[in-house]
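Worksheet: the structure to be examined is printed underneath.
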Amino acid sequence: MEPISPELLRLNGISHSYGGPTAAAVLSATGLSLARGESLVLLGPSGCGKSTLLMIAAGLLRPSAGSVSFAGSPHLAPDPRIALVQQAYGLFPWKSVRANVLLGLQLRGKQLAEHELERMLAELGIEGKLESYPGQLSGGQQQRVALARALLLKPELMLLDEPFGALDSLTRERLQELLLQLWRREGFAMLTVTHSLQEAAMIGERILVMDGTPGRIVAEIGNPGAREPGHREGDGYMQTLARLRQAIGAAA
Ligand code: ADP
Ligand code: MG
């Protein structure tokens, strides 16, 4: 049997421009590598190409140049082992919570026992909301629905685009804790895009700082404490925040 490589995702020399060869590049010669079970964060200001890089990692966008591999094979199309949590939740307002949560599974032709669905929603604190519509939920609850939909796919890789960006800071911290608990337990790898220093220092075992037009990676900061419960209260978190501020200052 082939040994399973620890590397799950690799992006090599990625450049991208929207709208043809004459359009300006939004990403230039950017790369990253993500190990199985690892949590990696892309941190950078608005417009530096974070979402573009995430769409490329999802197999939803073909880069203008460079290569992408997932689990050792070229990655050119969406893969059932990857779940994406989009910016602004990506929920359909005209569908119930039940229909929204089950959508990902349905698209993959899979069934789910009612008790499993209820267990997942209870775990995410949205039990009893199955027949509600997104517009009847708070932002935090909508984000929990989006997380439930992704988690039910039992992904090997979770891609999260500014997952908690629209939430107040208390709700944001609670959901960060919840995501970290699930990550520690379920063992999926995560690639999270954010423009929040605190979120990067909280969630990422490694943080790639992006900047510029076209965007590129300008620094990498290790933050191994993100795996430990209680990380937010520890020295490691504060040190990472300071190092991120330095890296961003140097890039500006
Ligand atoms: P970020 O997520 O870091 O804010 P994006 O990847 O969304 O950055 O965008 C990077 C650049 O690409 C921006 O200048 C944005 O306007 C441009 N862009 C993003 N999506 C498209 C698109 N579909 N068509 C044309 N330009 C786009
Ligand atoms: Mg974005």
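The values are calculated or read from the model by the stated rules, or taken from the named source; none is laboratory data. Everything numeric in this text was worked out from a predicted model, so none of it was measured. Heads up, the Cβs are rebuilt from the backbone with ideal geometry, glycines too, and the neighbour counts pull from every protein chain shown.
Side notes on the structure shown:
- Filter result for Val68 (within 13 Å of ligand 2 (Cβ to nearest atom), more than 16 Å from Leu208 (Cα to Cα) and more than 16 Å from the chain's Cα centre (by Cα)): no
- Qualifying residue in the stretch 119-127 (condition: surrounded by 15 or more Cβ atoms within 10 Å (Cβ to Cβ), closer than 30 Å to Ile248 by Cβ and acidic (Asp, Glu)): no
- Matching option when the condition is more than 18 Å from Ala58 (Cα to Cα), crowded, with 16+ Cβ neighbours inside 10 Å and not hydrophobic (A, V, I, L, M, F, W, C), among Gln142, Gln86, Gln111, Gln136: Gln142
- Listed by position, the strands (runs of 3 or more DSSP E) enclosed by the stretch 129-216 that each have at least 1 residues that are within 15 Å of the chain's Cα centre (by Cα), among the charged types (D, E, K, R) and modelled with pLDDT of 90 or more are 157-161, 206-211.
- Filter result for Thr194 (within 28 Å of Val26 (Cβ to Cβ) and in contact with a helix residue (DSSP H, G or I) (Cβ under 8 Å, 6 or more places away or on another chain)): yes
- Every condition in (1) assigned to a loop (DSSP other than H, G, I, E, B); (2) within 16 Å of ligand 1 (Cβ to nearest atom) holds for Leu91 except the one numbered (2).
- The stretch 122-142, residues that are more than 12 Å from Asn100 (Cα to Cα) and not small (Gly, Ala, Ser): Glu123, Leu124, Ile126, Glu127, Gln136, Leu137, Gln141
- So Gly37, is it more than 16 Å from ligand 2 (Cβ to nearest atom) and at pLDDT below 95: no
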